[in-house]
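The values are calculated or read from the model by the stated rules, or taken from the named source; none is laboratory data. What you are looking at is a predicted structure, and each value in this text was computed from that prediction instead of being measured. In this analysis, Cβ positions are derived from the backbone assuming ideal geometry, glycine residues included, and neighbour counts consider all displayed protein chains.
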Amino acid sequence: MADKIYYPNPELAKRSHCSSMEQYREMHKKSVEDPVKFWGEIAKEFYWETPAIEDKYFSYNFDVNKGDVFIKWMEGASTNISFNLLDKAVKSGHGDKIAFYWEGNDPEDYSRLTYKKLLEETCRFANVLKSKGVTKGDRVVIYMPNILEQPIAMLACTRIGAVHSVVFAGYSSDSLAERILDSKAKILITADGVWRGEKLLLLKNICDEALEKVKKQGYQIECCVVVSHLRRLNNPQGKMNGVNGTSNGDAELTNVSWDNDRDVWWHDEMEDAEPSCYPVWLAAEDPLFILYTSGSTGKPKGLLHTTAGYMIFAATTFKYVFDYHPGDVYFCTADIGWITGHTYVVYGPLACGATSVLFEGIPFYPDKDRFWSVVDKYKVTQFYTAPTAIRSLMKFSDDYVTRHSLSSLKVLASVGEPINTEAWLWYYNIVGHGKCSISDTFFQTETGGHVITPLPGCTPMKPGSAVNDF
């Protein structure tokens, strides 16, 4: 079966955004021969406070003999990414549409957030940041689990032109300190802690260790904003009286460290914050976020992505690679702390007005079928995870999968490393019931989005092929 060619489901292909190889080749040819027209047409789907200068739509130099290496997109244009993701959706009549279903570590801990509510919360926190002296160009480090406050914090930064730097909330205090120092962050945003399966991580204590190390290097942040997350209903050792959809900080947790001169609770700061905040209009090449590489090949490198090009690329790749349509429900299992989480949990889906599942937990808690129970619960249509997770889940009985219908699924996707043939076939046959297209995606922190992947409506695939041959 490894040599067999698998064609897209005809019903899926019929309504796909890119439904044939002929259409794909035509789009590709246009993008290469006339990129200004190709991307200019896509850009019309977004709001621009000022338009790009046509003869300076894109410019670049890769020849060091001709000067500094640079790439510039849409010179002269100005926009705001939070306005395009949120205000535009609300103004278009989609304010009551679900932006995120949130699924906590504990299956009984869940919530949801509409586009209207997400806009209001984003504006509130943008005003909180402004009250702490954060302005355009300031760096804000975010060290949080996959909770709703994380995309709110990211979007609040974009609202006022601050540059966020999300640090995966599984990194050590040394790694966090290194990133705070390198970015010269003004503010740190975190949570008191998080349960991952049955393991408790006291994130605030890790932050305090990092900030002490930063202080010894002669640098200090001005404020640490803390989400009271441990009061939620997500404690596997004995459920607490949390409220679904909110963070309840009424009770003190004595094992969470605190500095009264620096630390503030998220819920206290948000209580009186105004739910409206006029966006700061940013130039196309203004910084959007910094994301550091893992450091597996040396000192972590901070990759800077800018506003306009990233927004358009994230939206376009999300739309075509996952073939998202209105009414679909998309589920990416990535942590927001990685580039996959930035582009394909937060920015890409919201730019397309999508409804997504934001998942805090792990695949094996409370049982080996957690992913599949979430897919059935929210009638997920596009599911995106890593080959590592697929191989881990294959070790257990297929009954953990087949006990769930999974009939809503249309597109499966993988990310993180090449997918082997055995895992591809298990994913296709057991999870996808032999009817779902598989998009095997490749990209890097440096690129910000997909650079190689088959499109689910038009590309034949061979099991385990990392690159489309057709």
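Out of curiosity, is SER82 hydroxyl-bearing (Ser, Thr, Tyr), surrounded by 14 or more Cβ atoms within 10 Å (Cβ to Cβ) and in contact with a helix residue (DSSP H, G or I) (Cβ under 8 Å, 6 or more places away or on another chain)? Walk me through how you get there before you give the answer.
Values: hydroxyl-bearing (Ser, Thr, Tyr): yes; surrounded by 14 or more Cβ atoms within 10 Å (Cβ to Cβ): yes; in contact with a helix residue (DSSP H, G or I) (Cβ under 8 Å, 6 or more places away or on another chain): yes.
In short, yes.
Checking the structure you have, find out if any residue of the range 421-441 is small (Gly, Ala, Ser) and farther than 23 Å from ILE5 by Cβ. Before you say what the answer is, go through the steps one by one.
First pass over the range 421-441, keeping only residues small (Gly, Ala, Ser): 423, 432, 434, 437, 439.
Checking the rest, the ones that are also farther than 23 Å from ILE5 by Cβ come to none.
No, the range 421-441 contains no residue that is small (Gly, Ala, Ser) and farther than 23 Å from ILE5 by Cβ.
Here is a list: SER408, SER414. Which entry is in contact with a strand residue (DSSP E or B) (Cβ under 9 Å, 6 or more places away or on another chain), modelled with pLDDT of 95 or more and crowded, with 24+ Cβ neighbours inside 10 Å?
On the way: SER408 fails: crowded, with 24+ Cβ neighbours inside 10 Å.
Of the residues listed, the single one that is in contact with a strand residue (DSSP E or B) (Cβ under 9 Å, 6 or more places away or on another chain), modelled with pLDDT of 95 or more and crowded, with 24+ Cβ neighbours inside 10 Å is SER414.
Residue check: is ILE419 part of a strand (DSSP E or B) and touching a strand residue (DSSP E or B) at 6+ places or on another chain (Cβ under 8 Å)?
When the stated conditions are applied, ILE419 does not pass them.
Scanning the range 108-162 for residues that are under 17 Å from the mean Cα position of the chain (by Cα), of a type outside the set (Lys, Arg) and within 30 Å of ASP367 (Cβ to Cβ) yields a total of 10.
Looking across VAL69, VAL36, one residue alone is exposed (fewer than 11 other Cβ atoms within 10 Å of the Cβ), modelled with pLDDT under 95 and either in contact with a strand residue (DSSP E or B) (Cβ under 9 Å, 6 or more places away or on another chain) or hydrophobic (A, V, I, L, M, F, W, C) (or both). It is VAL69.
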